[in-house]
Amino acid sequence: MNRNILVQNIRDYESRQWDVIVIGGGATGLGIALDAVTRGYKTLLLEQSDFAKGTSSRSTKLVHGGVRYLAQGDILLVTEALHERGLMLKNAPHLTANQKFVIPVYTYWDVFLYTVGLKFYDLLAGRLSMGKSYFINRDKALEMLPLLKPDGLKGGIVYHDGQFDDSRMAVSLAVACVKNGGTVLNYFRVNTLLKDGKGKITGVQARDIESGTEYKIHGKLVINATGVFADEIHRMDDPSSRQTIRPSQGVHVVLDNSFLQSSSAIMIPKTDDGRVLFAIPWYGKVVVGTTDTPLDTVTLEPTALDEEIDFILRTAGKYLIKPPGREDVKCIFAGLRPLAANPDNPEATKEVSRRHKITLSSSGLLSIIGGKWTSYRRMAEETIDKAIKAGIIEKKKCVTGDFSFYSNNNHLRSDHLKIYGNQAAEIEEMTAEQPALGELIDQRLPYSRAEIIWICGNEMPRTLEDMMARRTRSLFLDARASRDAAPEVAGIMADELGFSQEWKTKQIADYNRLTRNYI
Ligand SMILES: Cc1cc2nc3c(=O)[nH]c(=O)nc-3n(C[C@H](O)[C@H](O)[C@H](O)COP(=O)(O)OP(=O)(O)OC[C@H]3O[C@@H](n4cnc5c(N)ncnc54)[C@H](O)[C@@H]3O)c2cc1C
């Protein structure tokens, strides 16, 4: 993951044609790039910011079929996602976990409804089931969730789903692409689609944001995997194209684990206003969310609305003995769902589907919108299959169903370094040689100096934010602590990556500004 070498690949290929060019480095684009490169296509992915800077670092962090989609009767979506859940837990065990959830129930009708519903959920998971669901009585429910309010509680339904680290999964995908011969670049923005005399797409014009250099890059297939930004690329293809995305904002707050004091998560299937609310243990904290607010504009750095934060805290307070207040919040983060709109009625939120849609324009632009992190692998397979069917690229078989991000020969750790998979030992060796590198960047965060150095050498962070938000999850776990650690981390990064004192000063100032959006 050396950016200079990867940029050189583009120069070396200037007079030749890539097989596949992917625009967008979130879950969807990175999944497609890995699918393409492992099938044997010459593959390039361009991301305008950092990998997973968009929605893909701002999810609820669930690898799930979606209990709520089951309630909506979307059996196909749930079945597909449950299958993918199983594959993701098998293929990326270092970044995923089997998470126990409890649905607290307050009426005997709900006991019946959720027991039956979750049995069906288990059934749909088939042989990739993560454990059976079952009813627990009131005492057992309070034992599992000691800080759940006991008033009116009849019991709980326990079920299993997957949990993961979204942005580290994205980085793992990027690293795997490069290891398999692909070229993936962050801070590389596509500005124009190149076309031939007949109006067929022949490549992209893209700008290296770091150097300012523009490149004309030619390819057989161009894929638009830009999430909520997909309509911008559609308009590059056809300025009169219709709206296909209906963005919807989801907000989460991160609290100290003292509000939950449990390794089990809480799932409230229907809050007062009919939403789903999760409180999920994550890296020693609790992630609580989410909301669903339709928006008209899209941005890479969405801001949570006060009413969204208040709604989450108020609702959590209805179920928890210790109600959280604004002062207890460690981080607030907002993400935009790239929901596929009904093109005949883009404002109709009820018709918005959670399933992905793949379209091929008359000029040959292949676009994929919507979907879920959990289903990224299947979405990628379907996208490349569609290009093969359309005769754009030659037929090659998908191999990602068995693509392991983690060598089974290695013992899977249970400590903090588990997230580095096979390479955790390299970090241990660094701290064994120089114990000072084992010191934490801040006592409130789990990351050591050695990890920062290792990440610089292996995962292509280009800014302080890349390191704090997406390589480590410092920003998401405790935004204030991450701001306090910023000068030290920026110093280590400058030394490791050869950046100047000016770079360091600017990064710290930029990061201070950014954290205000998360506090
Ligand atoms: C609040 C919330 C909670 C969610 N929770 C879950 C969950 O728990 N589990 C789950 O399975 N799914 C979840 N999802 C859904 C999941 O996160 C998304 O479906 C997924 O992350 C979308 O990925 P993407 O790659 O399509 O979009 P993005 O991650 O937004 O990536 C698109 C990328 O394209 C880049 N781009 C745009 N224009 C250009 C250009 N011109 N040149 C180069 N690059 C460009 C952007 O910078 C961006 O990084 C959640 C979504 C939200 C909003």
Open item on the list: Can you tell me which condition Leu366 does not meet? The list is (1) touching a strand residue (DSSP E or B) at 6+ places or on another chain (Cβ under 9 Å); (2) surrounded by 20 or more Cβ atoms within 10 Å (Cβ to Cβ); (3) under 30 Å from Cys331 (Cα atoms), and all the others hold.
Closed with: (3)
Open item on the list: Between Gly131, Gly73, which is open to solvent by 20 Å² or more (accessible area, probe 1.4 Å), touching a strand residue (DSSP E or B) at 6+ places or on another chain (Cβ under 7 Å) and free of Cβ contacts under 8 Å to residues at least 40 places away in the same chain?
Closed with: Gly131
Open item on the list: Quick check on Phe188: is it more than 21 Å from Glu382 (Cα to Cα), touching an Asp or Glu at 6+ places or on another chain (Cβ under 6 Å) and either basic (Lys, Arg) or open to solvent by less than 60 Å² (accessible area, probe 1.4 Å) (or both)?
Closed with: yes
Task: So Leu300, is it of a type in the set (A, V, I, L, M) and surrounded by 20 or more Cβ atoms within 10 Å (Cβ to Cβ) - done: no
Open item on the list: Being farther than 30 Å from Ile321 by Cα, part of a strand (DSSP E or B) and of a type in the set (A, V, I, L, M, F, W, C) is the requirement here; does Leu173 meet it?
Closed with: no
- [ ] With respect to Ala390, determine if the residue is at pLDDT 95 or above, away from the ligand (no atom under 16 Å from the Cβ), open to solvent by less than 70 Å² (accessible area, probe 1.4 Å) and not charged (D, E, K, R).
- [x] yes
- [ ] Test Leu305 against the criterion of being farther than 30 Å from Leu113 by Cα, open to solvent by 20 Å² or more (accessible area, probe 1.4 Å) and not acidic (Asp, Glu), and give yes or no.
- [x] yes
TODO: Please report, ordered by residue number, the helices (runs of 4 or more DSSP H) entirely within the range 461-519 with at least 2 residues that are out of contact with any Cys (no Cβ under 8 Å at 6 or more places or on another chain), more than 23 Å from Ala174 (Cα to Cα) and open to solvent by less than 30 Å² (accessible area, probe 1.4 Å).
DONE: 479-497, 501-515
Open item on the list: Anything in the range 414-452 that is part of a loop (DSSP other than H, G, I, E, B) and closer than 20 Å to His94 by Cβ? List them, or say none.
Closed with: Ser414, Asp415, Leu445, Pro446, Tyr447
- [ ] Kindly indicate whether Gly156 is of a type outside the set (Ser, Thr, Tyr), open to solvent by 30 Å² or more (accessible area, probe 1.4 Å) and either in contact (Cβ under 8 Å) with a residue 24 or more places away in the chain or farther than 18 Å from Thr400 by Cβ (or both).
- [x] no
Open item on the list: Can you say whether Asp310 is modelled with pLDDT under 95 and surrounded by fewer than 16 Cβ atoms within 10 Å (Cβ to Cβ), as far as the supplied structure shows?
Closed with: no
Open item on the list: Can you tell me which condition His411 does not meet? The list is (1) part of a loop (DSSP other than H, G, I, E, B); (2) in contact with a Pro (Cβ under 9 Å, 6 or more places away or on another chain), and all the others hold.
Closed with: (2)
Open item on the list: Being of a type in the set (S, T, N, Q) and away from the ligand (no atom under 15 Å from the Cβ) narrows it down to one residue among Thr271, Thr293; which is it?
Closed with: Thr271
- [ ] Filter the range 33-66 down to residues that are open to solvent by less than 20 Å² (accessible area, probe 1.4 Å) and farther than 28 Å from Lys220 by Cα and give me whichever is nearest to the ligand (Cβ to nearest atom).
- [x] Leu62
Open item on the list: If I go through the range 13-32 residue by residue, how many of them are in contact with a helix residue (DSSP H, G or I) (Cβ under 9 Å, 6 or more places away or on another chain), more than 9 Å from the ligand (Cβ to nearest atom) and open to solvent by 10 Å² or more (accessible area, probe 1.4 Å)?
Closed with: 1
Open item on the list: So, Thr115, is that one closer than 30 Å to Ile32 by Cβ and either open to solvent by 20 Å² or more (accessible area, probe 1.4 Å) or within 14 Å of the ligand (Cβ to nearest atom) (or both) or not?
Closed with: no
Open item on the list: Is it the case, given these coordinates, that Val7 is crowded, with 24+ Cβ neighbours inside 10 Å, more than 8 Å from the ligand (Cβ to nearest atom), under 23 Å from Arg189 (Cα atoms) and modelled with pLDDT of 95 or more?
Closed with: no
TODO: Just give me the residues in the range 329-363 being modelled with pLDDT of 80 or more, open to solvent by less than 50 Å² (accessible area, probe 1.4 Å) and of a type in the set (Gly, Ala, Ser), in sequence order.
DONE: Ala334, Gly335, Ser361, Ser363
TODO: Please go through the range 181-229 and pick out each residue that is of a type in the set (S, T, N, Q), without any contact (Cβ under 8 Å) to a residue 24 or more places away in the chain and in contact with a Ser or Thr (Cβ under 6 Å, 6 or more places away or on another chain).
DONE: Gln205
Open item on the list: Can you tell me which of (1) more than 14 Å from the ligand (Cβ to nearest atom); (2) under 23 Å from the mean Cα position of the chain (by Cα); (3) more than 25 Å from Lys389 (Cβ to Cβ) is the one Asn180 doesn't meet?
Closed with: (3)
- [ ] State yes or no: is Arg85 in contact (Cβ under 8 Å) with a residue 12 or more places away in the chain, buried (at least 24 other Cβ atoms within 10 Å of the Cβ), of a type in the set (Lys, Arg) and farther than 18 Å from Leu339 by Cα?
- [x] yes
Open item on the list: Considering only the range 159-168, I want to know if a residue exists there that is closer than 30 Å to Tyr114 by Cβ, touching a residue at least 12 places away in the same chain (Cβ under 8 Å) and more than 13 Å from the ligand (Cβ to nearest atom).
Closed with: yes
- [ ] Test Ala225 against the stated conditions and say whether it is more than 12 Å from the ligand (Cβ to nearest atom) and within 20 Å of the chain's Cα centre (by Cα).
- [x] no
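The values are calculated or read from the model by the stated rules, or taken from the named source; none is laboratory data. As the structure is a computational prediction, the values presented were derived from the model and not from experiment. With ideal geometry, Cβ positions are generated from the backbone for all residues, glycine too; neighbour counts draw on all protein chains shown. The area values use the complete protein model at the heavy-atom level, side chains included, leaving out ligands, DNA and RNA. Shrake-Rupley method; radii C 1.70, N 1.55, O 1.52, S 1.80 Å.
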